[in-house]
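Worksheet for the structure shown next.
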Amino acid sequence: MSIIAEEKISNLKNFIDSHDNFYIIGHKEPDGDCISSSLGIAEILKKFNKKYQLLSAGPFKRPEIKQFEKQFTKFPKKNFNKENSAVIIVDCSEIERIGEEIAPIIKDYDKFIIDHHKTSDIDNEFSIIYPYAPATAYLVQLIYESFFEKIDSEIGKILFFGICTDTGFFRFLDADSSDVFYAISRLVSKGANPRETYSEINSGKPFSTRKLLGLMLTHSEQYFDGKLIVTYETLDDTKKFGKDGRDSDSLYQLLLSVDGVQAVLFVRQDTDKTCTAGFRSKDAIDVSTIAAKFGGGGHKNAAGLSTEGTIDTLLPQIIKEFEKVLN
Ligand SMILES: [Mn+2]
């Protein structure tokens, strides 16, 4: 049983049939789901004897996707003719998120979108968008299986990796996800290895990211009887330990596991005058509305913003907004 309507599958089949060449592209700052979905679509196109180029604005910062970087280029190696070529966009519904340099290049081609982001309100014959799908790689698996029935072992492993990254290794899946587990079991029966994949995703991190994590934990403070935990990263912290990236996922995970916490706020001083903030929350608290008050946005339980200001001025303002919903 597939959550994807048959009509949607035949729309995609028609789209593939009516073009010879394809650009495949996902969002900038790619993650495992974005990369594995792109590779899954490439495999499908290969089986239909179509030409394709894998594009990504990068950067390939996450250690677990590094091994796939050489299969992607930032710009097309050669330009496909607009008459018989098209773009398939995965794990992304907004052209801006593809990257500002690449967006103008693909602008005039026919496009088909495969995505699971909640921000998307596109629903036409050139899209397969299911916001309740836990990963785009899961949608790509279902598409693949509807075209070819049995999945090949190599691509099965890659799609499994994509589903694992977006579901936090199944931690974000709810009780209603038996269909997802059935799909996963088909991948495991084809050779996908949960233990190896977990170790691939959770290793290779630079030591400095652990030191930075330590600083963030030391800076953290509780507010409103512990319902909110706040931490920050100064320019000095970044200089010391932040050059090789950070591990925000681990930070949020550690702080959200504290007894009584409902939301976590993280503010980073990016430049002398600008800050980035990240928000995470548990079920009831909607952090996207708080982020929106400062020009940001996102999902109910995960949001972010970039704005002018310093940690000293911005933090108290955001905490004040939290006070309204947490006190
Ligand atoms: Mn995704």
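For SER189, put the label point 7 Å out on the Cα→Cβ axis and report which residues of segment 138-153 keep their amide N under 11 Å from it.
Residues 150-151 fall inside that zone.
Where a ≥ b ≥ c are the square roots of the eigenvalues of the C-alpha gyration tensor, would you call segment 207-326 rounded, which needs a/c under 1.5, or, failing that, prolate if a/b is larger than b/c, or oblate?
Verdict is oblate for segment 207-326.
Using alpha carbon centroids, what distance separates segment 134-150 and segment 93-133, in Å?
Centre-to-centre distance over Cα atoms comes out at 18 Å.
When the chain is fully extended, how far beyond the present Cα-Cα distance does ASP312 get from ASP110, taking 0.36 nm per residue of separation? Before the final figure, lay out the partial values.
Values: separation 202, 0.36 × 202 = 72.72 nm, distance 4.75 nm.
Using 0.36 nm per residue and subtracting the Cα-Cα distance, I get 68.0 nm.
Using label points projected 7 Å from each Cα along Cα→Cβ, tell me how many nm separate ARG210 and THR274, to one decimal.
Using points 7 Å along Cα→Cβ, the separation is 3.3 nm.
At a Förster radius of 22 Å, what calculated FRET efficiency corresponds to the Cβ-Cβ distance of GLU149 and ASP179, to the nearest 0.05?
Values: r = 17 Å, r/R0 = 0.78.
Here the calculated transfer efficiency is 0.80.
Between GLU101 and THR238, what is 0.36 nm times their sequence separation minus the Cα-Cα distance? Round to one decimal in nm. Write down the numbers at each step before the final one.
Working: separation 137, 0.36 × 137 = 49.32 nm, distance 2.69 nm.
Contour length minus Cα-Cα distance gives 46.6 nm.
Take the Cα of LYS320, step 7 Å along the line toward its Cβ, and report every residue of segment 287-308 whose backbone nitrogen sits under 14 Å from that point.
293-294
Relative contact order for the chain: what is it in percent, counting Cα pairs under 8 Å that are at least 6 residues apart? Kindly include the intermediate steps, with their values, before the conclusion.
Numbers: 560 pairs, mean separation 40.8, N = 327.
With pairs under 8 Å counted, the relative contact order is 12 percent.
Nothing charged except the Cβ atoms of Lys and Arg (+1) and of Asp and Glu (-1): what's the magnitude of the dipole of the chain about its Cα centre? Round to the nearest 20 debye.
Details: 41 positive and 49 negative charges, 193 e Å.
The dipole of the chain has a size of about 920 debye.
Between LYS300 and ASN124, 0.36 nm times their residue separation minus their Cα-Cα distance comes to what?
Details: separation 176, 0.36 × 176 = 63.36 nm, distance 2.53 nm.
Taking LYS300 through ASN124 to full extension adds about 60.8 nm, to one decimal.
Using alpha-carbon pairs under 8 Å, 6+ residues apart, how would you state the relative contact order of segment 95-143 in percent? Kindly include the intermediate steps, with their values, before the conclusion.
On the way: 37 pairs, mean separation 14.5, N = 49.
Relative contact order here is 30 percent.
Quick one: net charge of PHE80's neighbours, Cβ under 14 Å, K/R +1, D/E -1? Display every interim value, and only then the final one.
Numbers: positive: LYS50, LYS51, LYS77, LYS78, LYS82, LYS107, LYS111; negative: ASP20, GLU83, ASP108, ASP110.
Once positives and negatives cancel, what remains is +3.
Tell me the net charge near VAL188. Cut-off is 13 Å between Cβ atoms, VAL188 excluded, with +1 for each Lys or Arg and -1 for each Asp or Glu. Each step should come with its number before you reach the end.
Values: positive: LYS157, ARG186, LYS190, ARG195; negative: GLU196.
That sum, taken over residues with Cβ under 13 Å, equals +3.
Only Cα pairs under 8 Å and at least 6 apart count here; give the relative contact order of segment 227-327 as a rounded whole percent. List each step's numbers first, then the result.
Details: 169 pairs, mean separation 24.2, N = 101.
Reported as a whole number, the value is 24 percent.
Readers should treat all values here as calculations from the given coordinates under stated rules, not as data from a laboratory. Nothing here was measured: the structure is a model prediction, and the numbers come from that model. Backbone-built Cβ (ideal geometry, glycine too); neighbour counts: all protein chains shown.
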